[in-house]
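The values are calculated or read from the model by the stated rules, or taken from the named source; none is laboratory data. The structure presented is a predicted model; accordingly, all values stated were derived computationally and were not measured. No Cβ is skipped: glycine too gets one built from the backbone with ideal geometry, and neighbour counts run over all protein chains shown. Ligands, DNA and RNA are stripped out before the accessible areas are found, and what is left, the full protein with its side chains, is counted by its heavy atoms. Shrake-Rupley method; radii C 1.70, N 1.55, O 1.52, S 1.80 Å.
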Amino acid sequence: MGKKKMKGFAMLGFDTVGWIEKDVPEVGPLDALCKPLAVSPCTSDVHTVWERALGERSDLILGHEASAEVVEVGALVKDFKPGDKVIVPAITPDWCAVESQMGISQHSGGMLNGWKFSNMKDGVFADYFHVNEADGNLAHLPDEIDPVEAVMLSDMVPTGFHGAELAEVAYGETVTVIGIGPVGLMAVAGSVLRGAGRVFAVGSREKCREVAIGYGATDLIDYHDGDIVDQILDKTHGAYVDKVIIAGGDVNTFDQAVRMVRRGGIVSNINYLGTGDYIKIPRVEWGLGMGHIRIAGGLMPGGRKNMEYLSKLLVHGRLDVKPLLTHRFHKFEDLEQALLMMKDKTPDLIKPVVTLA
Ligand code: NAD
Ligand code: ZN
């Protein structure tokens, strides 16, 4: 008897996407098979397909943001069973890997290899998808959280918050967030939750600016109005900011970040740099190499515990992700349109989400 088939929305090759049919994945003893309840395309899918950022990928099912229902579990899975509704992190590390023991589970088994969906294996834009190490990588979806909102816990919330974590944002600090798409907006929200005093949000789209203020940004900066460093230093009367979180821009953005951060400050990058070979850092403003300005860049942390903690913020009303969900679709087939929206970024778009159940 032939294997059961499923439909998925895939990167067919560079610059091309489309629907394909594949075998339903097999489940190992520690793994789970899930079917999505709601999914959302990510700007990272856009970098992968249209900027060729990860290199050649053919017939790779896209997507790494989903809430789901468990369909099947392996014999050794203890805490999940078919029918359970779950939060699925975009990053699903191998928890036995030495990198996980070193606190960098994002790189379990190799650089960025904790990022499996739509990178190392088929993603979540399919009738079914495979989750490795289900007990370590899935989290039960609390009844209080709408499965559509839970999709923002897969990637947008943990990534933006990781920006604030890497920047070690502390009470009263002044933070600049460069780029206020959904990730940057969550970096604003994460910085505010960690106690930032003043938050400069750098972005131009009106919708994003309005939502940034809602999440607690104190000042808006538009990069079309001139050099953002000049604009920010003007507002602080020349004082450098404590921390910068980069959530948009490109390899040149580090130059601006270093020029506005104080000695001993931190520039944290969560942006996926899709193009360019080198990052330029200004020598003099980096203290001739001795300014104690740290530059940290990271993939979001995945795994069950992080999802459980972040979900508490939604359950107890500390974080509302609804303002991110600007466009809602209700059919699997709409995924194509949703992904193209993410590529073309209409002025009113923050995140499109596709409900499947
Ligand atoms: P987005 O494209 O919606 O937002 C980025 C924003 O930055 C856009 O609004 C854009 O106009 C703005 N921008 C572009 N150039 C700028 C500049 N020079 N100065 C200021 N703003 C500028 O993307 P997003 O969905 O919010 O994601 C942000 C980045 O994070 C993407 O590169 C994405 O791939 C990446 N990402 C990383 C992780 C991770 O784990 N580190 C996870 C998810 C997404
Ligand atoms: Zn992503």
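A few notes on this one:
- Subset of the range 308-357 [under 26 Å from residue 193 (Cβ atoms) and of a type in the set (S, T, N, Q)]: 311, 326
- Taking the range 127-170 as the range and being part of a helix (DSSP H, G or I), more than 16 Å from ligand 2 (Cβ to nearest atom), of a type in the set (A, V, I, L, M, F, W, C) and touching a Ser or Thr at 6+ places or on another chain (Cβ under 7 Å) as the test, the residues that pass are 148, 164, 166.
- Among the candidates 30, 54, residue that is within 14 Å of ligand 1 (Cβ to nearest atom) and either in the same structural domain as residue 307 (by TED's automatic domain parsing) or open to solvent by 20 Å² or more (accessible area, probe 1.4 Å) (or both): 54
- Count - residues of the range 75-93 that are open to solvent by less than 50 Å² (accessible area, probe 1.4 Å) and either among the charged types (D, E, K, R) or away from ligand 2 (no atom under 16 Å from the Cβ) (or both): 5
- Scanning the range 252-276 for residues that are exposed (fewer than 13 other Cβ atoms within 10 Å of the Cβ) and modelled with pLDDT of 95 or more yields 252, 263, 264.
- In this entry, residue 272 passes the filter for residues that are of a type in the set (Ser, Thr, Tyr) and under 30 Å from residue 32 (Cβ atoms).
- Breaking point among (1) outside the structural domain of residue 319 (by TED's automatic domain parsing); (2) assigned to a helix (DSSP H, G or I); (3) more than 16 Å from ligand 2 (Cβ to nearest atom), for residue 185: (3)
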